[in-house]
Amino acid sequence: MKYEIFLSQIRECVQKKAGEEVQIRIAHIVKNNMQSKDGMTILRRGETTSPAIYLDSYYEAFCRGVSLDEIALEILDSCEENRRNPCFDIEFYKDYAKVKPRLICKLVNYDKNREMLKKMPFRRFLDLAVIYGYLLEEEAFRDAVIFVKNQHREIWGVQEEELYRTAMENTPKLMPSQLLDLQTLLAGIEGRESLGIDETSGAPRIYVLSNCQKYLGASAILYPAALKDIAEQIGEEYFVLPSSVHECMILPDSQVLSPWTLQEIVREINESYVQPEDVLGESIYQYAGDGRLKIVLQG
């Protein structure tokens, strides 16, 4: 069965099981870097919003032989579980005073997200864009973010300048930056002790800048204090490679042959190791002193 037919039939099946008083919608949701998914919302009488249940994994299950009836029941169960969780009581989101303490920044690629950015308050940063979101604190949804749309800002009656100022205060506190040498990071993933950096081996010193959560960690390049600390820690100026929205790579100036070589590295990482929705860009940045970056090679 083709995907489009599946969408139509699963909607009809869920509608039949939920009853005519329940409104079933399927929306094509554009995410970061123009990646998109189809999400189903299930609205009871009097409800105006509901978390979207993405359907791509259900289509894969259907292709493996799971019946439409089984999938429809699983979707309805998931919807009920969402309703029981208080984090989806979005009435709080109408009150800026409740959102403000956990408002954070995320960096995205500006050119790849022009359409998405039309619907969101944002600010340009180099060739990137800063957007804003509410960082959920519930244990079951740790690190999930509800991103701010234009209609939210209008309901709150605040300007983008206020969102930026608040998010720039909150993000370094809620998501503190973390700089690790690549060897230490890989050792942690592999469950062994780091051997340390061998300064005499001739291998380049490579660091990874993220945050303690390792989620949306590329935003750490927005922290002037973090950029200054890196220069002090490695003892020289450095290049920044945007390896994903979750982290950036840091290479000392003395270790680099050319920005063009670095750009090829970034392109290889994006093509081979990063999910399309997590790609940040291909530009190469350099520390310009005083907590600032500059573009040395446009992506």
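The values are calculated or read from the model by the stated rules, or taken from the named source; none is laboratory data. Please read these numbers as outputs of a predicted model, since none were measured by experiment. Please note: Cβ atoms are built from the backbone with ideal geometry, for glycine as well, and neighbour counts cover all protein chains shown. Note: areas computed on protein heavy atoms with side chains; ligands, DNA, RNA excluded. Shrake-Rupley method; radii C 1.70, N 1.55, O 1.52, S 1.80 Å.
Consider Glu47 carefully, then state whether it is at pLDDT below 85, outside any helix (DSSP H, G or I) and open to solvent by 30 Å² or more (accessible area, probe 1.4 Å).
On the way: at pLDDT below 85: yes; outside any helix (DSSP H, G or I): yes; open to solvent by 30 Å² or more (accessible area, probe 1.4 Å): yes.
Against the criterion (at pLDDT below 85, outside any helix (DSSP H, G or I) and open to solvent by 30 Å² or more (accessible area, probe 1.4 Å)), Glu47 qualifies.
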Worksheet item: Is it fair to say Gln233 is in contact (Cβ under 8 Å) with a residue 40 or more places away in the chain, open to solvent by 20 Å² or more (accessible area, probe 1.4 Å) and touching a Lys or Arg at 6+ places or on another chain (Cβ under 6 Å)?
Response: no
Discussion item. Can you tell me how many residues within the range 206-230 are at negative phi, part of a loop (DSSP other than H, G, I, E, B) and open to solvent by 20 Å² or more (accessible area, probe 1.4 Å)?
Written reply: 4
Worksheet item: Restricting the search to the range 283-293, which residues are touching a residue at least 60 places away in the same chain (Cβ under 8 Å) and either open to solvent by 30 Å² or more (accessible area, probe 1.4 Å) or over 20 Å from Gly235 (Cα atoms) (or both)?
Response: Ser283, Asp290, Arg292
Fill in: Test: Tyr134 is closer than 30 Å to Ala288 by Cα and in contact with a Lys or Arg (Cβ under 9 Å, 6 or more places away or on another chain)
no
Fill in: Which numbered condition Arg124 misses (of (1) at pLDDT 90 or above; (2) buried (at least 17 other Cβ atoms within 10 Å of the Cβ))
(2)
Item to complete: Please determine, by comparing only the residues of the range 64-80 that are of a type outside the set (D, E, K, R), modelled with pLDDT of 90 or more and farther than 15 Å from Asp38 by Cβ, which one is surrounded by the most Cβ atoms within 10 Å (Cβ to Cβ).
Response: Ala72
Fill in: Given (1) at pLDDT 85 or above; (2) more than 15 Å from Cys79 (Cβ to Cβ); (3) not hydroxyl-bearing (Ser, Thr, Tyr); (4) not in a helix (DSSP H, G or I), index of the condition Phe6 fails
(4)
Worksheet item: Could you say which residue among Val130, Val158 is modelled with pLDDT of 90 or more, among the β-branched types (Val, Ile, Thr) and assigned to a loop (DSSP other than H, G, I, E, B)?
Response: Val158
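Among the candidates Arg102, Arg11, which residue alone is surrounded by 15 or more Cβ atoms within 10 Å (Cβ to Cβ), at pLDDT 90 or above, of a type in the set (Lys, Arg) and farther than 30 Å from Arg165 by Cα? Full working, then the answer.
Values: Arg102 fails: farther than 30 Å from Arg165 by Cα.
Within the list Arg102, Arg11, the selection yields Arg11.
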Discussion item. Restricting to the range 236-282, give me the number of residues that are among the β-branched types (Val, Ile, Thr), more than 18 Å from Lys294 (Cα to Cα) and open to solvent by 20 Å² or more (accessible area, probe 1.4 Å).
Written reply: 3
Worksheet item: Under the condition of being open to solvent by less than 60 Å² (accessible area, probe 1.4 Å) and touching a strand residue (DSSP E or B) at 6+ places or on another chain (Cβ under 6 Å), which residue from the range 25-37 is modelled with the highest pLDDT?
Response: Ile26
